[in-house]
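These notes are about the structure you will find just below.
A short reminder: the numbers here are calculations on the coordinates, not readings from a lab. Bear in mind the structure is a predicted one, so any value in this text is a computation, not a measurement. No Cβ is skipped: glycine too gets one built from the backbone with ideal geometry, and neighbour counts run over all protein chains shown.
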Amino acid sequence: MTDGTNGKKKSIFSYLGPALITSALVLGPGSVTLSSKIGAIYGSQLVWTLVLAIILMMVYTEMSTRIGIAAKESFIGVIKEKWGFFAGILIGIGAFLVTASFQAGNAIGIGIAISTVTNMNATIWIVIFTLLSIALLFAKQFYTILEKTMLILVVIMLVAFLITVILVQPSFVDIFKGFIPTIPKGSIGLIIALFATSFSIVGAVYQSYLVKEKGWTVIDADNGRKESFLGIFLLGFISFLIMITAATILKPQGLVVNDASEMGLALEPLFGSWSTFVFMLGLFGASFSSLMGNATIGGSLLADGLGLGNNLSNMKVKIFIILVMLFGSVIGIVFGSAPLNLIVFAQAVTIFVVPFIAIAILVVANDERVMGELKNKLLSNILGVIGLLVLIYLAFNNIKNIFFS
């Protein structure tokens, strides 16, 4: 691939950005806790489910990348042209409600990570980092700052959790066995939760917006695809490292974690307080990246759905992003955790919005008028349909749990 402005060949690393942001915002404290819990209960037996979820996430993120490059309008703009204003606003409102509902967990994750190390009140840190996120939003070239911040946070997570795995010295035989599909008794609920957190269709669709912010064109398509795969691979690899650490340390002791801080504290008796610090540094990276990224998705898509624009330099977009940040932080401070009613509400919204967004991505990615030469190929459609079926299954499972349990 060459840069059309100076003819110099550009490496894949010069394209890193959009999918790194996507992976960083998807990998939040909830993902860290879930990976820890699965490893603690089932060891490495469910590694294969993580692999499958990440493959499906890669497929939809890559499709969204091509949509962002090929479409003249934003994704919601294209949907409004195809299906009308209501369809576009449904996606915007749905994304806003889902991200706002789960934002409390991101704020709490920051508080837990730093307070565990400093012994200071978690509320102080939630306030500090919420205000810092808002300040960064008003910096010049916010997208560039967001991209560099996410890159730093992904590196922090990768290094922190990689060091943790090296410390615990897992069994490679057990790890490889985990790639063979098995469904241990009682594991269905956690498998569903893992798919729900790792295969984020709202995160995937926002990739098309990030690509437009980056300014990519058709000549960037090949490296854009590679960047999509690499960014989402890192998401899966970090979750994998956490799961393997829990399988090696927690499972033999019969310990099950209820939040990510317990995983970090479990390392201390074996490896000293610095190991807890390293793990908490990774948890902080996951929490802060999601605090900023999650809010950016919800605010941008709602503004676009309402026809107020979607560019990150747009003041109206910034205001909606701040609303998501403040909502999550206030809930985190007042309740100390996301209230059950809020979680149920978010799941109820997800039931209807997420499969609809997946169908919309597939339809747009197959529209030759919009996509031109970047239209879906057969393999993308096959994997896309498999992903859609998984999302529909998750939706039906949520319906059953919310309305019939």
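Before moving on, here are some points about what is shown:
- Among the conditions (1) of a type in the set (D, E, K, R); (2) part of a helix (DSSP H, G or I); (3) surrounded by fewer than 24 Cβ atoms within 10 Å (Cβ to Cβ), the only one that residue 66 does not satisfy is (3).
- Scanning segment 282-337 for residues that are part of a loop (DSSP other than H, G, I, E, B), closer than 24 Å to residue 153 by Cα and hydrophobic (A, V, I, L, M, F, W, C) yields a single hit, 312.
- Some residue of segment 43-53 being under 26 Å from residue 301 (Cα atoms) and in contact (Cβ under 8 Å) with a residue 24 or more places away in the chain: yes
- Considering segment 160-197, the residues that are under 30 Å from residue 274 (Cβ atoms) and β-branched (Val, Ile, Thr) include one that is surrounded by the fewest Cβ atoms within 10 Å (Cβ to Cβ), namely 173.
- In the set 39, 105, 88, only one residue is within 30 Å of residue 381 (Cβ to Cβ), part of a helix (DSSP H, G or I) and not polar (S, T, N, Q); that residue is 88.
- When each of 359, 319, 351, 392 is tested for being β-branched (Val, Ile, Thr) and either farther than 25 Å from residue 300 by Cα or in contact with a Gly (Cβ under 7 Å, 6 or more places away or on another chain) (or both), the lone residue that passes is 392.
- Among residues of segment 54-81 that are within 15 Å of residue 92 (Cβ to Cβ), those with a beta-carbon under 6 Å from a residue that is of a type in the set (Asp, Glu) and not in a loop (DSSP other than H, G, I, E, B) at least six positions away or on a different chain give the pairs 74/304; 76/304.
- For segment 306-320, filtered to residues that are under 21 Å from residue 73 (Cα atoms) and aliphatic (A, V, I, L, M), the residue that is surrounded by the fewest Cβ atoms within 10 Å (Cβ to Cβ) is 315.
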